[in-house]
Amino acid sequence: MVNRLLLSRLGPSLTGAVVGVLAPVLVFLGNPGNMGICVACFGRDIAGALGFHRAAVVQYLRPEIAGFILGSFISALAYREYRPRAGSAPIIRFFLGVFAMIGALIFLGCPWRAYLRLSGGDLNALWGIAGLASGVGIGIGFLWNGFNLGRSAPTAKASGMVMPALSILLLALLLLAPQFGRDAAGLPTGPIFFSKEGPGSMHAPAFIALGVGLLVGWMAQRSRFCTVGALRDLFMLKDPHLFYGIITLVIAAIGTNVALGQFKLGFTGQPVAHTNALWNFLGMLLSGLAFTLAGGCPGRQLIMSGEGDNDAAVFVMGLVVGAGIAHNFGFASGPKGPGPFALAAFATGMIFCLVVGFFNRGRVSA
Amino acid sequence: MTGKIQVDARGLSCPQPVLETKAALDSAKEGTVEVLVDTVTSRENVLRLASRLNWKGTWEESEQGGFRITLEK
């Protein structure tokens, strides 16, 4: 019954509503403000926890991410949709992931968080959402002109197990990390780093966060919930069914935020956000274009990686590496505004995406 | 047009299976169009497009592991 509903045209709306309620609840239980769920922020925190960057305030092994992958994996197995596949331009997808993450960290959030920020009253998100829509629009231009990254093909069954296994490893490290070394000042010496202060130190109880991740991963796998597909299909195909998932997410999240006393309307003083309109717009423009060329938002890529899609898994690895690059190279924004080299990162990312868009055209069908 | 058109959309990322199908349906206008896809998601997306364009769709599992969708109008 629930499965039939999730598979119907109402599936994305139902998933959006559940995300819209549970994400603010995770904030209430300890996650950073307007960051109940954020694939970019959480990917960045995981990269930091593994020592790939040393921004001490954003390091934590977010169990929601492992939950998404495992929830999708279990769902795909249960409904016979587990189909390991690979081979659609993996290195291009890797760098689309890298630049998608860099763009998201210039804005400070993935598309899911853009809508969650808006639902918490953060009006800076409007610039990000406008940028996202513009990036998707550029991507649509390439799609109309025959853009594609070539076919994937079925591959070894075991290859689809790598991401679920990695998820379990990350969960194990989350449990074991407090037992690893500390220096005389009590700071972690690695190999796993957890923030003592800042957003990385704020988190809901791990088992609740994992539970939400599993539920959302399962629902998103069934309903194909996608925040980039939502805009793309609305603009390109006049098909709004994914977009309704965004609408229900925003309505449910506003309601939940108001009920929990977390709704604060305005531009200034918003949690894990900056007020630079131009860079909020440009960051998401880069991300939106990269996501559209890759075929889906970062949440959707996680879900597909759980279904056995190796190319989506490579994109996810690109996200994690991109987070390390964004912080190590001064591309990522902070609460005060964009990083010192945001322009260089944006220009490089846009050139990469535009070249990819221009040079990967041509029909693949007979 | 009465000849059978086949679209091989196996292994393509979203939304290309739908775009390839739409191009085939638009050029065929009526008759039979066969679409090969490799995932349930693509199958659903192609069938949803077809029903919006008033094509009748049926599908079966194909020997190679994907699905063969037959669209008629």
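Rule-based calculations on the coordinates, nothing more; no lab input. The structure presented is a predicted model; accordingly, all values stated were derived computationally and were not measured. Don't worry about glycine lacking a Cβ; one is built from the backbone with ideal geometry, like all the others, and counts go over all protein chains shown.
Counting only Cα atoms, I'd like the Rg/Rh figure for the range A:258-318, Kirkwood definition for Rh.
1.14
If you wrap a convex hull around the Cα atoms of the range A:223-366, how much volume per residue is inside, in Å³?
Expressed per residue, the convex hull around the Cα atoms of the range A:223-366 is 160 Å³.
Using Cα pairs under 8 angstrom and six or more residues apart, how large is the relative contact order of the range A:25-166, in percent?
Averaging sequence separation for qualifying contacts and normalising by length gives 31 percent for the range A:25-166.
Specify which residue in the list A:A55, A:I69, A:P12 is farthest towards the positive end of the charge dipole of the protein assembly as shown, using unit charges on the beta carbon of Lys, Arg (+1) and Asp, Glu (-1), about the Cα centre.
Sorting the options by dipole projection puts first A:P12.
Could you pull out the trypsin sites (Lys or Arg not before Pro) across the range A:1-83 that fall in loop regions by DSSP (anything but H, G, I, E, B) with no more than 10 other Cβ atoms inside 10 Å?
A:R80
Would you mind getting me the FRET efficiency between A:D183 and A:V57? Use the beta-carbon distance for r and R0 = 22 Å, nearest 0.05.
That pair, A:D183 with A:V57, gives E of 0.75.
Under 16 Å between alpha carbons, and skipping anything fewer than 8 positions from B:K73 in its own chain: which lysines qualify?
B:K73 reaches B:K4, B:K22, B:K29, B:K56.
Using only alpha carbons, build the gyration tensor for chain B and give me the equivalent ellipsoid semi-axes, biggest first, whole Å.
Each semi-axis is the square root of five times an eigenvalue, giving 18, 13, 11 Å.
Work out from phi, with θ = phi - 60° and the Karplus expression 6.51 cos²θ - 1.76 cosθ + 1.60, the ³J(HN,Hα) of each residue of the range A:13-29, listed in order in whole Hz, and give x for Gly and Pro.
5, 5, 4, x, 5, 5, 4, x, 7, 6, 5, x, 5, 5, 5, 4, 8
Compute the length gained on full extension between A:A153 and A:N360: take 0.36 nm times their separation in residues and subtract their Cα-Cα distance, giving the result in nm to one decimal. Walk me through the intermediate numbers first.
On the way: separation 207, 0.36 × 207 = 74.52 nm, distance 1.81 nm.
Result for the pair: 72.7 nm of gain on full extension.
Give the longest segment of chain B that steers clear of GluC sites (Glu not before Pro) in DSSP loops with at most 14 neighbouring Cβ atoms within 10 Å, not counting the sites themselves.
On the way: sites that count: B:E30, B:E63.
Looking at chain B, B:31-62 is the longest stretch - no exposed GluC sites (Glu not before Pro) with at most 14 other Cβ atoms within 10 Å.
If the viscosity is 1.567 mPa s and the temperature 4 °C, what Stokes-Einstein diffusion coefficient in µm²/s follows for the range A:155-208 when Rh is the Kirkwood radius over Cα pairs? Each step should come with its number before you reach the end.
Details: Rh = 13.4 Å.
This corresponds to a translational diffusion coefficient of 97 µm²/s.
If contacts are Cα pairs under 8 angstrom and at least 6 residues apart, what is the relative contact order of chain A in percent?
Details: 796 pairs, mean separation 135.9, N = 366.
Answer for chain A is 37 percent.
Alpha carbons only, please: Rg and Dmax for the range A:179-308, in angstrom.
That works out to 18.7, 61 Å for Rg and Dmax.
Across the range A:239-256, in residue order, what do the Karplus-derived ³J(HN,Hα) couplings come to in whole Hz, using 6.51 cos²θ - 1.76 cosθ + 1.60 with θ = phi - 60° and x for Gly and Pro?
These are the phi-based 3J(HN,Hα) values: 10, x, 5, 6, 5, 4, x, 5, 4, 5, 4, 5, 4, 5, 6, 4, x, 5 Hz.
Based on Cβ point charges of +1 for Lys and Arg and -1 for Asp and Glu, what charge dipole magnitude is obtained for the protein assembly as shown about its Cα centre, in debye rounded to the nearest 20?
So the dipole magnitude of the protein assembly as shown works out to roughly 280 debye.
Rule-of-thumb check for the range A:1-103: C-alpha Rg over 2.2 N^0.38 Å?
Against the empirical 2.2 N^0.38 Å value, I get 1.29 for the range A:1-103.
Under 29 Å from the Cα of A:K196, which lysines turn up, not counting those fewer than eight places away in the same chain?
A:K264, A:K336
Just want to confirm a number: the relative contact order over the range A:1-75, from Cα pairs under 8 angstrom separated by 6+ residues, in percent.
Worked out over the range A:1-75, it gives 17 percent.
Using only the Cα atoms of the protein assembly as shown, what semi-axes does the equivalent ellipsoid have when each is the square root of 5 times a gyration tensor eigenvalue? Give whole Å, largest first.
Semi-axes (√(5λ), whole Å): 36, 22, 21.
Based on the alpha carbons, how large is the Rg to Rh ratio for the range A:29-80 when Rh follows Kirkwood?
Value, to two decimals: 1.09.
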